[in-house]
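S.K.: I'd like to ask you about the structure that follows.
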Amino acid sequence: QVQLVESGGGLVQAGGSLRLSCATSASIFSTYAMNWYRQAPGKQRELVATITSGGSTEYADSVNGRFNLSRDNARNTVFLQMNSLKPEDTAVYYCHVRKWPRDYWGQGTQVTVSS
């Protein structure tokens, strides 16, 4: 069983910042890439950012340069720092791990950016 515990999110004005966190077990954290997805109302879920077990990161074009994904190895937690937020960033954000053959998801956290 893989557990992903998310925190953070909330309501912020455009241009503001928020930080999301996702904690998991040490065995998962040290082995698998961890991802953040988001889903806006009426839209498909999309990949926002990925961090490998070695710390390499990739970002969607829409957030590159504004979002930063990092790892805290002591706490088995990843942090998604979101800066210069835009109304179009409004969505439910999900932490995700693919432990073949299954996908595991966090409970989701709402991010709302007001204009």
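The values are calculated or read from the model by the stated rules, or taken from the named source; none is laboratory data. Since the model is a prediction, treat every value here as computed from it, not as a measurement. Neighbour counts are summed over all protein chains in view; Cβ atoms, including those assigned to glycine, are modelled from backbone coordinates with ideal geometry. Surface areas here come from the heavy atoms of the whole protein model, side chains and all, with no ligands, DNA or RNA. Shrake-Rupley method; radii C 1.70, N 1.55, O 1.52, S 1.80 Å.
S.K.: Which residues' amide hydrogens lie under 5 Å from the amide hydrogen of Thr77, considering only partners 5 or more residues apart or on another chain, with H built in the peptide plane?
M.R.: The list, which skips near neighbours in sequence, is Asp72.
S.K.: Considering only DSSP beta bridges with both partners in the chain, what is the antiparallel share in %, to the nearest 5?
M.R.: 90
S.K.: Using a 7 Å offset from Cα along Cα-Cβ at Ser62, what residues in region 1-44 end up with backbone N under 14 Å from the label point?
M.R.: Inside the label zone: 36-44.
S.K.: Need the full-extension length gain, Asp72 to Gln1, defined as separation in residues times 0.36 nm minus the C-alpha distance. One decimal, nm.
M.R.: Once the chain is fully extended between Asp72 and Gln1, it gains 23.4 nm.
S.K.: What spacing in nm lies between the two simple spin-label points modelled at Ser53 and Asn83, each 7 Å away from Cα in the Cβ direction?
M.R.: 3.1
S.K.: Given a 1.4 Å probe and every protein chain left where it sits, what share in percent of the accessible area of region 5-71 is carbon and sulfur?
M.R.: 46
S.K.: Based on the Cβ-Cβ distance of Trp105 and Gln13, what FRET efficiency does E = 1/(1 + (r/R0)^6) give at R0 = 41 Å, to the nearest 0.05?
M.R.: Here the calculated transfer efficiency is 0.90.
S.K.: If you don't mind, there's one more thing I want to ask. With a 1.4 Å probe and all protein chains left in place, how much accessible area per residue does region 32-80 have, in Å²?
M.R.: 54
S.K.: Suppose every K and R has +1 on its Cβ and every D and E has -1 on its Cβ; what is the size of the dipole of the chain about the Cα centre, in Debye to the nearest 20?
M.R.: The calculation lands at about 160 debye.
S.K.: From the phi angles alone, apply the Karplus equation (6.51, -1.76, 1.60; θ = phi - 60°) to region 98-115 and give each ³J(HN,Hα) in whole Hz, x where the residue is Gly or Pro.
M.R.: Per residue, the Karplus-derived 3J(HN,Hα) values read 9, 10, 3, x, 10, 9, 10, 10, x, 6, x, 9, 7, 10, 10, 10, 8, 8 Hz.
S.K.: Continuing with the same structure: Go through 88-97, 17-26 and give me the packing order, highest mean Cβ count within 10 Å leading.
M.R.: The peptides rank, most packed first, as 88-97, 17-26.
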